Structure formats: structure tokens, C-alpha cells
Amino acid sequence: MPRYIQTLASQPPFHRTTQFGLLYLGLVLVASVSAFMLIDDGQYGLFSLLPTTVVISMALLTHRTLEALLAGALSGFIMVSPATAVQDMAASGLTVMQDPTMGWIILVCGLLGSLIGLLQFARGTEAFSNASGRYLKTRRSALLGSVGLGILIFIDDYLNAMTVSAAMKRLIDKLKISRSMLAYIVDSTAAPICLLIPFSTWAIYLSGLLESHEVAETGQGFSYYLTLIPYLFYPWVALAMVTLVAAGLIPSLGKMKRAERGDEERTPESNEEDNPEQFTRRPARLINFLLPVATLILATWIFDIDALIGVAFALLVTLALFVVQDMAPLNRLFDEIINGLQFMLVPLGIVFSAFILQDINEQLSLAETLIEWVMPVMSGEWLPAVTFLVLAGLAFATGSFWGVYAIAFPIVVPLALATDASLPLALGAMISAGAFGSHACFFGDSTVLSARGCNITPLQHALTQLPYVLIAAVISTLLFIVLA
């Protein structure tokens, strides 16, 4: 064994991981510059996979998500232009910040963190946990209750992930169930249920795409989407899987076994758990949880499924409720709002970095390259299965789920018509692929929020749920093959 490697192996794990990480970054830098020198006329080909490869491998090496995303994005910008890579990456960051979608995500996630911070400050989540504990007294009932609550909050995957995790994690802890198991349940009823119950942000977006690509007539996009729901195999299978796992009919698999034994990576808890003595003087009232959450869901529904308006109304109602109860001075309540916002800074940083990674992947034409490679087999009866596999891999690698839909629609629809393949089945495969990406990608927004809500790391969450995700993907692929 080389002396340098022997030296690394003899050091403590923390220093060993750090030095291996620095060595890895050096190799990434060399690979990126080499790729720049080998690229001909902007045709990146196989090199377009480098940023995604860097992200996944570095995340597995360091168990850190944010740093891996930034390193992967930087490797892509070095490939495009080594001399201006840092400037180009900074410019990309500014462009991402100016994107209305990114602004919406920052506001929704930040305000959701603030709302949950207030609920925990008022012991509202504790009251809900205590009330649930009177009926959900076993592991099986608690997990099935979590699935049921996730199904009820079908309007938006962000609301689903944050609300269910905040509501159930105290009860889960009391029953000695791992947070990783709760995160898997939360994530499995986020995007999948938003696709299966069509009164959601996902369904509205897809209905618009169906009309804009002339698959459905103007005003008929929603009606056409309803006909596609039976063909959304991955959401159906994922929901069935999580129900069976919660019922104890499917055992803990892979790293979930270790998590269930208590071996899981936690992130810092929120203010309630850090300072429990501050909460003993306030009674745990169920109304302090139910009224804010009901306002959140109803306001989101009333204002055209807009989660931003919903959470804004919920914050106002919550503040008024707590002031009427003389819960605390108004300035203290606003301090808790700021603390809740700070609690969301890391997941927002991950989502922001994922958007930068999406930008460089677009510049490298990653999606177009992959689709071009598999185009020869995207024909006839194989089209739905190949569409699902390729787009699922693309969504997982890039963290872009709605973006994958926008790219794939003008490709999949003409191919289905030209090859006489089943258009509903092909569209079902495409939509299912986005659901898989949202569920499986460790830096995707839904995964990050599910992990943050349960106070575990995104990588811990992604690895513990991976066996179930892959089983659901395999079953979905077989269904697309058989029914095609």
C-alpha cells in the first residue's frame, strides 16, 4: 500500500474523510480541465455526466449534500470554461436567485419553517402528538396514521412533507421508531399522492403542459389528466409499498435496519427540543395545532392551490391566536418566526445549489445527450418502459422533475404517435419518472424537506429508503413492459 494511503488510513475518521475529500476534489479538478481540453466544438457527449457523477460520489464519500452539489456544479463550469468558471458559477447563482420559481420556494419553505417554529413554541405539535397517542398506541397504528395524514394533505408536496413530519415525530420517538422510517413515509406520500389526487400543484402544472403541447384541447387539460391517473404506475406502487411497510408486511431493508436500531445521522433539532424548560409554563392545547394547519390547507385550496398564500394566511391566523391567548409578547413571537426561518437555511441552500447544477447540466445538454443515446430503442412497445427508465434516471441525476417534463413532452408525444405506441401509457411513464426522481433524488426539494422535517440528513434519508424506492421502480418498469 502506498505510504500516503497508509498515513490516511491510520488517521481518525474525521480527518481521513476530510483528506480523502480534498484528494477527490483534486482529481475532479484534473478531470474537469482534461475534459475541457478533449471536448470538440461544444459536443460534450460522455463528459456531460461528470457533474452528476461528482455530486453522487462525493456525497457518498463525505455524507454531505450541499458541498457535493457545489463541487459538481463547479466541475461543470470548469469544463465549459476553466478561466472563468468561478465567475460563471456566480453569474448562474444570480440568475437562479432571479428566477420566480426559486423566489417562491424560498418564501414557501422559509415561512413553513416559521409556522412550524411557532407551533412548536406553543407546544401545538406536542398537543397533537399527545392526542394521537391516545389512539395510535402501537408501531403499526402510528405508521399507518402517518400514511393516512400524508394522504389527507394532498394539495402540495411541500406542505405534506413539513406538516406530517412536524405532527408525527414526537409520537414516533415515543414509540421508539426511527426518524428515517418516518421520513420514508413522509416522502412516499408527498409527490405520489399529489399526482394521484389531482387537486394539487403537480396536477395543475401537468394539465397546463398537456394543453400547451396540444395533447388536450384548450380547457380540457385537467379532464385529460384524469384519464392518465390509472397509468401512473410508480405513484401507485410507491403508495402501496409504503402502506405495506407501515403495516409491517414488508420488513426493514438495507440501511433502514440500522436506522431502526438507532444508528442514524441526525441534524440539530428545533428550538422546542433545544430548550424544553421554556415550554413547561404553556399548556399544550390541541387548537394551537389544528387551527393553523386547517388554515394552511384551506387557504392553499381556496387561493388556486397556492401554497405561498396558504402559509401566509396560516401565519397571520397563528399570530392572532397566540396573541389572544397571551402566549408571549409579540416581539418574542417574531423571534420564533425568525428562528424557524433560520431552521430552513440549510435545505434552502441545497435546493439553491441543485438549481445551479440544473443550469450547468442544461449548458452541457445532459438531457438531450441521454435521450439521443436511447432514441434507437424508444420505439413501439418498448417506448413506455424506456421512457420511464431514462427519464427516471435523468430526474434522479439532475434533481429537476418539472424540468424533465418540459424537456420530455415534445419528444415523447411525437414518438408515441409515430410508433403507434399507447400515448396514455407513454405519458404515464413520463409522469411516473418525475415522481420517482422527486422521491429518490437525495438533493431534490421534497427529499430535502422530508429529511429536514424529521431532523435527519438528506443522504441518510435517501439511503434508508433506497431499497423500497428501487423495488417500486422495478415493479413499475415491469408493468409498463407488460401492459405495452
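Could you give the semi-axes, largest first, of the ellipsoid that matches the chain, computed as the square roots of 5 times the alpha carbon gyration tensor eigenvalues and rounded to whole Å?
36, 29, 22
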Ala406 versus Arg266, label points 7 Å from Cα toward the beta carbon: distance in nm? 4.0
Sort all Cα-Cα distances of segment 429-484 into consecutive 5 angstrom bins from zero, then give the percent of pairs in each bin up to the one containing the longest distance. 4, 20, 26, 21, 14, 8, 5, 2, 0
If R₀ is 22 angstrom, what is the calculated FRET efficiency for the pair Arg258 and Lys174, using the beta carbon separation as r and rounding to 0.05? 0.55
What value, in deg cm²/dmol to 500, does the helix sum -39500 (n - 2.57) over DSSP H runs of n ≥ 4 give at 222 nm once divided by the residues of the chain? -24000 deg cm²/dmol
Mind checking segment 134-241 for chymotrypsin sites (Phe, Trp or Tyr not before Pro) that DSSP puts in a loop (not H, G, I, E or B) and that have at most 15 other Cβ atoms within 10 Å? Tyr135, Phe199
Over segment 306-384, with a single point scatterer placed on each C-alpha, what log10 of the ratio I(q)/I(0) does the Debye formula yield at q = 0.11, 0.13, 0.23 1/Å? -0.60, -0.68, -1.07
In Å², nearest 10: area of Arg285 left accessible to a 1.4 Å probe: 110
Residues whose placed amide H lies under 5 Å from that of Leu175, excluding near-sequence neighbours: none
For segment 71-224, just the Cα atoms, rotate onto the principal axes and tell me the three extents in Å, largest first. 61, 45, 26
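Rounded to a whole number, what % of the accessible area of the chain do carbon and sulfur atoms account for, probe 1.4 Å?
Values: 13560 of 20280 Å².
About 67 percent, which is the carbon plus sulfur part of the accessible surface.
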Along segment 76-87, Karplus-curve 3J(HN,Hα) (6.51, -1.76, 1.60; θ = phi - 60°) to the nearest Hz, with x for Gly and Pro, reads x, 5, 5, 4, 6, 7, x, 5, 10, 4, 5, 4
Long-range amide H contacts for Ile456: which residues qualify at under 5 Å (H placed 1.01 Å from N, peptide plane, sequence gap of 5 or more or a different chain)? Thr267
Given unit charges at Cβ for Lys, Arg (+) and Asp, Glu (-), the dipole magnitude of the chain about its Cα centre in debye, nearest 20, is 2220
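Mind checking the per residue accessible area of segment 430-484 for me, 1.4 Å probe, whole number of Å²?
Result: 22 Å² per residue.
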Run a plain Debye calculation on segment 364-484 (Cα atoms as equal point scatterers, no solvent) and give log10 I(q)/I(0) at q = 0.18 Å⁻¹, rounded to two decimals, same order as the q list. -0.88
Could you go through segment 409-421 in sequence order and give the Karplus-derived ³J(HN,Hα) for each residue, using 6.51 cos²θ - 1.76 cosθ + 1.60 with θ = phi - 60°, rounded to whole Hz, and x for Gly and Pro? 3, x, 9, 5, 5, x, 4, 4, 5, 6, 9, 6, 7
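With all distinct Cα pairs included, what does the Kirkwood hydrodynamic radius of segment 269-428 come out to in Å, to one decimal, could you say? Could the numbers behind the result be given before it?
Working: mean 1/r = 0.0501 Å⁻¹.
About 20.0 Å for segment 269-428.
The values are calculated or read from the model by the stated rules, or taken from the named source; none is laboratory data. Predicted, not measured: the structure shown is a model, and the values here were computed from it. Because the Cβ atoms are built from the backbone with ideal geometry, glycine has one as well, and the counts that use them run over all protein chains shown. Accessible surface is based on the protein model in full, side chains and every heavy atom, while ligands, DNA and RNA are left aside. Shrake-Rupley method; radii C 1.70, N 1.55, O 1.52, S 1.80 Å.
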